[in-house]
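Before any comments, here is the structure.
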Amino acid sequence: MNSITANNSTIYFNNSCYTSLNKHIKESNFSNIFILVDENTHELCLPILLNQLETTTSIEIIEIEAGEIHKTIETCLGVWNTLSDFDGDRKSLLINVGGGVITDLGGFVASTFKRGIAYINIPTTLLSMVDASVGGKTGVDLGTLKNQIGVISTPDLVLIDTQYLKTLPQNQMRSGLAEMLKHGLISDESYWNKFTKLSDLSFDSLDELIYESIVIKKNVVDVDPYENNLRKTLNFGHTLGHAIESYCLSNPNKKELLHGEAIAIGIVLASYISSQLVGLPLQTATDIKTVFNRYYGVVKFAESDYAPILELMKYDKKNHHGNINFVLLEAIGKPKIDCLVDESVIIDAFKFYES
């Protein structure tokens, strides 16, 4: 478990991370090194990285505010200006140290500054390790609409150092777990079944599960890097999950949900819809709901919430020709893409989720 290659980017794990990083920096002869952090990773994670770096190249730290609400073009403008003010050029390197907001935004900044500079992702949350850092998607939100602006590009390296997970609060760990559970549901029933006894697992076991999750995503991305077909399956639970996340972010009367918390709801809803439309046994959908409710509890929605959530779904990136396209499950490990779903079935799914 030292490294794997995904979509032209090499992913290194734990002990091999910093040897590979220092070798890459030395061989590439970068003119400047910039490190992008937020206030949390600046305090908790940056010291770990700086202690491992072996370089005489000039290093500048760029800090942005933490949170999805700051994943905007306005934040990018600040980072672009800082890169320019500190003499960033085409031979500069940007190292992104943080969760999905940092790796998504930092990758977009690097891909567009001077038409593209090198960047490296060091994901520090479980979510960013198993999802945002793999596959080359970069970008920012448009208002509260998720990931509307961006490009697909690949970092030079991705470094998965699980010691950063020790700095995370429990809700951030749960957020990342949702994507791992999703990987099992769309690809591998045996992997999904490992999560039914998660309390029995050690930290070393978690390392192994993270590695397996990254391999699952890597195998999908390698076949379909631009999301024309198979890669769409990674969006299971995301059509409604993203809409719920955006709705809770924009509604002052709703508690803001982390990405994985919203996706967990979306997965339960999509599982019920699957049972109604593509043959997933209702008992399997109920079993999936039981697992997710155990980890995430249940968020209550009023009937007045349904219409604005349904309206937000039209901004989902999988949609085309005016159709809202769902990923559903015919069975665990057997997803079906581009499914059309009647609104009445979606409302029934909310009732199933809350029952």
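The values are calculated or read from the model by the stated rules, or taken from the named source; none is laboratory data. Note that this is a predicted model, so its numbers are computed, not measured. Ideal geometry is used to build each Cβ from the backbone, glycine not excepted, and the neighbour counts take in all protein chains shown. When the accessible area is computed, the model is the full protein with side chains, heavy atoms only, and any ligands, DNA or RNA have been set aside. Shrake-Rupley method; radii C 1.70, N 1.55, O 1.52, S 1.80 Å.
Selection within the stretch 118-162: residues that are hydroxyl-bearing (S, T, Y) and outside any loop (DSSP other than H, G, I, E, B). The member of this set that is nearest to E68 (Cα to Cα) is S128. Can you find a residue in the stretch 209-217 that is polar (S, T, N, Q), crowded, with 19+ Cβ neighbours inside 10 Å and within 14 Å of the chain's Cα centre (by Cα)? Taking every residue of the stretch 209-217 in turn, at least one turns out to be polar (S, T, N, Q), crowded, with 19+ Cβ neighbours inside 10 Å and within 14 Å of the chain's Cα centre (by Cα). For the stretch 24-54, give me each residue that is within 21 Å of T10 (Cβ to Cβ) and acidic (D, E). Passing the criteria: E27, E54. Among residues of the stretch 158-182 that are touching a residue at least 60 places away in the same chain (Cβ under 8 Å), those with a beta-carbon under 8 Å from a residue that is among the acidic types (D, E) and open to solvent by 10 Å² or more (accessible area, probe 1.4 Å) at least six positions away or on a different chain give the pairs T162/D207; N171/E261; R174/E261; S175/E261; G176/D131; A178/E261; E179/D131. Once the stretch 294-308 is narrowed to residues that are free of Cβ contacts under 8 Å to residues at least 12 places away in the same chain and open to solvent by less than 60 Å² (accessible area, probe 1.4 Å), the residue that is nearest to the chain's Cα centre (by Cα) is G297.
Got at least one residue in the stretch 175-194 being open to solvent by 20 Å² or more (accessible area, probe 1.4 Å) and within 30 Å of S20 (Cα to Cα)?
If we filter the stretch 175-194 for residues that are open to solvent by 20 Å² or more (accessible area, probe 1.4 Å), which is where we start, we get 187-190, 193-194.
Retained after the next criterion (residues that are within 30 Å of S20 (Cα to Cα)): none.
No, because not a single residue in the stretch 175-194 is open to solvent by 20 Å² or more (accessible area, probe 1.4 Å) and within 30 Å of S20 (Cα to Cα).
All conditions in (1) open to solvent by less than 10 Å² (accessible area, probe 1.4 Å); (2) of a type outside the set (A, V, I, L, M); (3) more than 22 Å from K137 (Cβ to Cβ); (4) in contact with an Asp or Glu (Cβ under 8 Å, 6 or more places away or on another chain) hold for G260, with the sole exception of (3). Just to be sure, is G135 at positive phi, open to solvent by less than 20 Å² (accessible area, probe 1.4 Å) and of a type outside the set (D, E, K, R)? For G135, the condition - at positive phi, open to solvent by less than 20 Å² (accessible area, probe 1.4 Å) and of a type outside the set (D, E, K, R) - is met.
Conditions tested, residue by residue: (1) open to solvent by 30 Å² or more (accessible area, probe 1.4 Å); (2) within 21 Å of L126 (Cα to Cα); (3) at pLDDT 95 or above.
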position: L240; (1), (2), (3): no, no, yes
position: K254; (1), (2), (3): yes, no, no
position: A270; (1), (2), (3): no, no, yes
position: D287; (1), (2), (3): yes, no, yes
position: E311; (1), (2), (3): yes, no, no
position: D316; (1), (2), (3): no, no, no
position: G322; (1), (2), (3): yes, no, no
position: L329; (1), (2), (3): no, no, yes
position: I332; (1), (2), (3): yes, no, yes
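Output yes when any residue across the stretch 274-283 is out of contact with any Leu (no Cβ under 8 Å at 6 or more places or on another chain), surrounded by 24 or more Cβ atoms within 10 Å (Cβ to Cβ) and either modelled with pLDDT of 95 or more or charged (D, E, K, R) (or both), and no when none is.
Going residue by residue through the stretch 274-283, those that are out of contact with any Leu (no Cβ under 8 Å at 6 or more places or on another chain) are 276, 279, 281-283.
Going one step further and asking which of them are surrounded by 24 or more Cβ atoms within 10 Å (Cβ to Cβ), we end up with none.
Within the stretch 274-283 (the criterion being out of contact with any Leu (no Cβ under 8 Å at 6 or more places or on another chain), surrounded by 24 or more Cβ atoms within 10 Å (Cβ to Cβ) and either modelled with pLDDT of 95 or more or charged (D, E, K, R) (or both)), the answer is no, since none of the residues qualifies.
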